[in-house]
Structure formats: C-alpha cells, structure tokens
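Peer 1: Sharing a structure with you now.
Every read-out reported here was derived from the displayed coordinates using simple, explicitly stated rules and does not represent laboratory data. Quantities reported herein were computed from a predicted structural model and do not represent experimental measurements. Cβ placement follows ideal geometry from the backbone for every residue including glycine, while neighbour counts extend to all protein chains displayed.
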Amino acid sequence: MKKSAFLFLLVTSICVGQKNKSTKLGLATKKELQMSVYKKDTTANAIVLYEHANVYIDESNDFNFRTDYYHRIKLFKKEAFDRATISISLYKKERVEDVKAVTYNLYGGKFVREVHFLEKNVFKKKVTKNRTEVTFTLPNVKEGSVIEYVYSVISPYNQLDDWYFQSDIPKIKSNYSSAILGNWKYKIRIVGFLNLDEDNPSVKKNCVFIPGIGNGSCSVLSYGMKDIPAFKDEDYMLSKKNFISRLVFDLVSFTGVKGDIKKYTKTWKDADRTFKQDYFDGQTSKKSFFKKNLPQEIILEADELTRAKKIYDFIQDRFSWNEAYWTSKQLKIKDIFKEKTGSVDAINLTLYNSLQAVNIESYLMMLSTRQNGVPTTLYPVTADFNYMVVKVKINDKEYLLDATNKNLSFGLLPYRCLNGKGRVLDFKNGSYWQAISPNIKTSKRTKIRLELYEEGLKGTMQINRTGYFALNQREKINTESEDEYLENFEADYPHIEVVDYTVNNKNALEKQLEETYEIVIEEDFENSNTLRIYPFIVGRTSVNPFKLDQRDYPVDFGYARKYTYLLSLTIPDGYKVSKLPPKKSVGLPNKGGSFSFNIAHKGNKVNLFFKSSINKTRFSNREYFYLKEFYKQLIEVEGLYIELIKK
C-alpha cells in the first residue's frame, strides 16, 4: 500500500505539470471575427485558427491515458456550418469528459461571446459493436462566426491515436504534446510531405522514483506545424492516409515495475501465427474435407493450370459475396461451403483449401485495399491489413486470385486490391513481400464505320475490351437487362440511337469482351451547306482529371491501359472535305505514356486513327504537370471536328 501511495504522489506531480499545458477556452479575438477571407487560400470556406492535443496519464481517472483537445475555427461560408457539429469516435471503454464550447459573433461591430454550450446537448449513440459516437453542435453559427471547443477523451488503452496536422481545410497552427512514462515505448512516424515547425521530443530523466527499482524516465513530446495548406483529394490516388501530414504512434513495448517486458511489435514469425490463428480461425488445413466435396472431374483433371482454373470457376460460381471483408463471427469454412455465401476471407479460404486439395501450389496473401492505406514494411503491423487473396504458382508462373466477383477472370484482382505490396504467408518457410501488379493487359479498341446521308449518320460500331475495361463493362451488362443497358447507353449518348446490338464473350471471362452496335446519329444535314462532324462519338475524354495547381502526392492509376479508336467515314457525292484536324503526337517523360492522332482523306473516305496509352501505373508529383498537360492536349484533340461543304 505504501508503494502504491508513493507512486500515486509521484505520478501526480508529473501529470499536473503536463495537464497545465492543455489549452483553455477564451482565446478568440475581434480581429479573427473581422477576418473575411484567408489570403493564402481564398477558396477555403473555413480555417482552423489553432488546435492542440495534449496527452498524459490522468491520476483522477485510474491512471488512464487522457487527451485534452482544443479547437478554434473560423467559418467563412454557409458550406462550413457542418463544422459546428463535432463527432467523436470512441472505442469500447473510451469515454468523453469535460465538453465545453462557445460561439463568437460580431453584432454591429461589437464582439459578442454567445451563451456557453450545455452538457445536456451532448449525444451518444452506438455505431458498431466496438464503436460509439459522441456528437454535439455549437449554437448561433453565422457566416463569420468563430467557434471554440474543448473536450477530453479518457482511454484505458495503450495505443495512442494518430494526430492529423492536415485536413480538408487550411490551418494556421496545429500542436501536439504528450508526457508518457518511460516504461511505454512507441515508434513515432511522421507521415506526409509537410515539414514540422516544432520538433522537440525529449526524455526527462529521474522524473519517477520507484523504491527497490530506481529512477524512471518520461518521454516528453512536442510537435507543431504552422500555415498548413488544405489536403485536396483528386482522382487516381491511394488512400489519403498515405499522404496527409500526421503523427503515427506504433506501440513497441511496456516494461513492468519488476522489469518484465511485454512486446507489442511482433516478428514476422509472430505475425504469421497471428494471421493463421486469429484472422483465419485455424481454417487453413481443411483440404481433406474438400477432397471429398469437390467434383471428381475437377480432381481428375490432368493439366495443372486447367485444374486450377476449374477450381477457381467452381468456387466463383458457387459463392455469393456478402460485401464484407471479414467474417464477424468465428469462421468455419465447412459451414460456409454449405451456405454458399460469405465474406472475402471465407470465400478465398475455401478457394485456398480447394487448391490445396488438388495439389496446386498455393499461398494466402494479406494485403491492404487502396482506401485502407499502404501497409508499413518497416516492421509487422497486422492491423495494417484488411483483405486476403490467394497466390498460385504453376509452371514457374504466378497468379493472384480472388473468387468474390463472378466477373473476375482468372489472375485478375479487384481494382481495390491494387495497392503496392502484399504479404505472402508461407507457413513452412516464412512470409515475404510481393508486389501486386496485374499480369493481364487492359485495353479498349473502338472501330466505327459511318456514312453520311440526308438525315444524319448511320453505320456500325464495334468495341472490344480486355482486362479491367472488360471487367467494368461486364459488371454493367450482367447486372441489367439488355433493354435497361441500351436505355442507359442512349441516355449517356443522347445523339445516338441503337438499332441493333449483340455481345460476345459476356461470360467467357478470359476472352475479350466484344460489343457490336448498329447505330443512327440523327442530324438535319439536308438544309446545311457546311457540316461539322465530331468524330469521337463515344468514349471521349471531356474533363481533365488533374486540376490542382500543385499535387504533393503521386498519381496512381492502379494499372496500365491502352486505347485505340478507328473511324471510317464515307462521304456522298454531294459533299467535299473542306477542313481536317491536324495530326498530332504527344509523349510523356520516362516513357510514361503517349497519344498519336492521324487523319487522312482519300476519295470518298475519311479515315481516322487515334491511339493513346498510359504505360506506368504510378507517376511522381514531379511528373504531375506533364500528366496534366498531356490530358489537356488529349481533350483538345478529341474535341476537334471534320468540316464538309456541299459542292
């Protein structure tokens, strides 16, 4: 008892000092209320004037971790009023205390501090089994208001939350401070492209004395940034978690009062065991069950690749995916096999065990989806992974498989899985990293034959797709009736009427998808002496996906792609060509991509050839402006026209 009391006094002396570092209410100024725009980002509808998080051990709450939060935000426009509603996500036993808030306004040039926020207006609701959400809303918000609020989160858990310096609005100043007893060891990572203005981690020695053990140290952290630009999302990016500037805390170990050490950072051998037992519930060795339940014609197939493909087709056809990544209850794949529905882990574990049953070299592979963030390769963090697929090796060639989507061809992963590297689990020899890169080419080839007549244009259009283009199109075709599909096509292209339509290889997933349209484009050409015909009648790029003045993070397409567009236009005797678009070719640096446009007139034919490609999946932020200009010029070419005049 004396030792406990002594420790209590010592810890109290530490925490009182750290507690005083928390920011208090009452810092808004009249100058902040008079601010009408943020000069460094005039498009911002709000700005964080100051925010601070302070972490310490709270002696009044059973020595749990306590984080005191402070925020002060300027609201410029109505679009920012939702920032007056604050949502706090809590895990299991975490709770919120000491919520206080105030709204500041100007009335006739007079600084007014509105009525304090009341605790009764704090609302709590259960979101999931392990998550609770606490919300509160500040009153009397107007354009030009400054809102200020504080709250504390009490947590019995040893994992510290990330601190985000950057968000979707700019910030003038953001600070983080903490004081953690030295027996807790964390690896601290700074993610993002911005530099810290304050970086003062230190160790305070002899801050704790434990009788019989000796002196202990405290880890004191102080980090800060100023003039932080907003993080702006754009197309073709991985999860913003990879790039947004923040602090990340990975718990390494805890040392007890007797010197015993509990390690939280695992070796890969430990991580493999965790995956096998905790993630897969020990369901990785069930091949005897599948030997009895797989069709005999599959088991007896002599060719190894054909046997693997038949297994894949069988599992893919048998199961329906329930849209979940992981099974919420204990996983039993024998039951899943009978129920014919399940989550990603259940379906792909069934696939893995089936492949094992027919002697196909196969492995489970853990990965993180594009929206979940790239897993760290510095050391094992099992929580970084949220998805599982199967790797197959046949005749020295490797295939990555996911049987959850009935439109996925053998060897093609869903787009969500194209996220850097995955961890292959070899339970005999140890796991290893492997790059996730598609081995099936993605292309689209459009071939159109049109002839001009009095009421417009008519002819045929054939579109062939492979890879992800074929996958995406099959998703549309196989989820709609033909009538619905054609109605949606004509809604997308209102100038085109489809007279007839056929599709080949709709379910032959390893073959290219072929669509053929008989079309009419109605135009009143009879009363016009000059005609303008825009040759890119479908698939035209009309909006540049790259609009930012500066993009600090890379462009990630996920997969390389190639487009070919061919047009043959037949001109009747009563017309002649007066103008053709100029030929043009553009290339990206480092062989990243290119496009070429060629058009020629011979006799009564105009023939157009256009080919474009993106050869790399990833472009650095230094290559961004080349890519932006590439799309700008591509859009200009696809917007050109052929001009005809009556003879």
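Peer 1: Could you point to the label whose value was computed as semi-axes √(5λ) of the Cα gyration tensor in Å for the structure here, given [x] 52, 29, 22; [y] 54, 38, 21; [z] 49, 32, 23?
Peer 2: Structure-derived value, by its label: [y].
Peer 1: Let me ask something additional. Show me, for the range 434-451, the HN-Hα J-couplings you get by feeding each phi into the Karplus relation (A = 6.51, B = -1.76, C = 1.60, θ = phi - 60°), rounded to Hz, glycine and proline as x.
Peer 2: 9, 5, 9, 9, x, 9, 10, 6, 10, 8, 9, 10, 10, 10, 10, 10, 10, 10
Peer 1: Restricting to Cα pairs below 8 Å that are 6+ residues apart, what does the relative contact order work out to for the chain? Please round to a whole percent. List each step's numbers first, then the result.
Peer 2: Values: 1336 pairs, mean separation 55.3, N = 647.
Computed value for the chain: 9 percent relative contact order.
Peer 1: Shifting gears a bit: Please arrange HIS52, HIS495 by how many other C-beta atoms lie within 10 Å of their C-beta, fewest to most. Can you show the working numbers first?
Peer 2: Values: HIS52 20, HIS495 14.
Ascending Cβ contact count within 10 Å gives the list HIS495, HIS52.
Peer 1: In addition: Can you give the angle from 0 to 90° between the axis of helix 482-492 and the longest principal axis of the chain, with both taken from C-alpha atoms, to the nearest 10?
Peer 2: The angle comes out near 80 degrees.
Peer 1: Within 10 Å of each candidate Cβ there may be at most 10 other Cβ atoms; applying that plus a DSSP loop requirement, which trypsin sites (Lys or Arg not before Pro) in the range 224-289 survive? Display every interim value, and only then the final one.
Peer 2: Numbers: sites: LYS226, LYS232, LYS240, LYS241, ARG246, LYS258, LYS262, LYS263, LYS266, LYS269, ARG273, LYS276, LYS286, LYS287; in loops: LYS232, LYS258, LYS266, LYS286.
The qualifying sites are LYS258.
Peer 1: Still on this model: Just in the range 468-518: which trypsin sites (Lys or Arg not before Pro) are loop by DSSP and have at most 12 other Cβ atoms within 10 Å? Walk me through the numbers before you get to the answer.
Peer 2: On the way: sites: ARG474, LYS476, LYS506, LYS511; in loops: LYS506, LYS511.
Nothing satisfies the criteria.
Peer 1: Take the residue pairs LYS124/LYS332; LYS287/LYS406; LYS340/LYS391; LYS93/LYS241; LYS142/LYS171; LYS187/LYS287 and return only those whose Cα atoms are more than 29 Å apart. If you can, show how the numbers build up before the last one.
Peer 2: On the way: LYS124/LYS332 35 Å; LYS287/LYS406 23 Å; LYS340/LYS391 22 Å; LYS93/LYS241 25 Å; LYS142/LYS171 20 Å; LYS187/LYS287 41 Å.
Exceeds cut-off: LYS124/LYS332; LYS187/LYS287.
Peer 1: Once a ≥ b ≥ c are taken as the square roots of the eigenvalues of the Cα gyration tensor of the range 443-646, is the result rounded (a/c under 1.5), prolate (a/b larger than b/c) or oblate (a/b not larger than b/c)? Each step should come with its number before you reach the end.
Peer 2: Numbers: a/c = 2.12, a/b = 1.26, b/c = 1.69.
Cα axes put the range 443-646 in the oblate bin.
Peer 1: Over the range 392-510, calculate the relative contact order: mean separation of alpha carbon pairs under 8 Å at least 6 apart, over the residue count, as a percent.
Peer 2: On the way: 118 pairs, mean separation 22.8, N = 119.
Relative contact order for the range 392-510 comes out at 19 percent.
Peer 1: Sticking with this one: Counting other Cβ atoms within 10 Å, keep those with at most 16, restrict to DSSP loop, and tell me which trypsin sites (Lys or Arg not before Pro) in the range 314-419 are left. Display every interim value, and only then the final one.
Peer 2: On the way: sites: ARG318, LYS329, LYS332, LYS334, LYS338, LYS340, ARG370, LYS391, LYS393, LYS397, LYS406, ARG416; in loops: LYS329, LYS332, LYS340, ARG370, LYS406.
Here the trypsin sites (Lys or Arg not before Pro) that fit, given the DSSP loop and packing criteria, are LYS329, LYS332, LYS340, LYS406.
Peer 1: Using DSSP loop states and a limit of at most 10 other Cβ atoms within 10 Å to flag GluC sites (Glu not before Pro), what is the longest stretch of the chain containing no flagged site? Walk me through the numbers before you get to the answer.
Peer 2: Working: sites that count: GLU323, GLU526.
In short, 1-322.
Peer 1: If you don't mind, there's one more thing I want to ask. Enumerate the aspartates and glutamates that LYS583 could reach by cross-link, defined here as Cα to Cα under 16 Å, with residues fewer than 8 away along the same chain left out.
Peer 2: Straight-line reach from LYS583, under 16 Å: GLU636, GLU638, GLU643.
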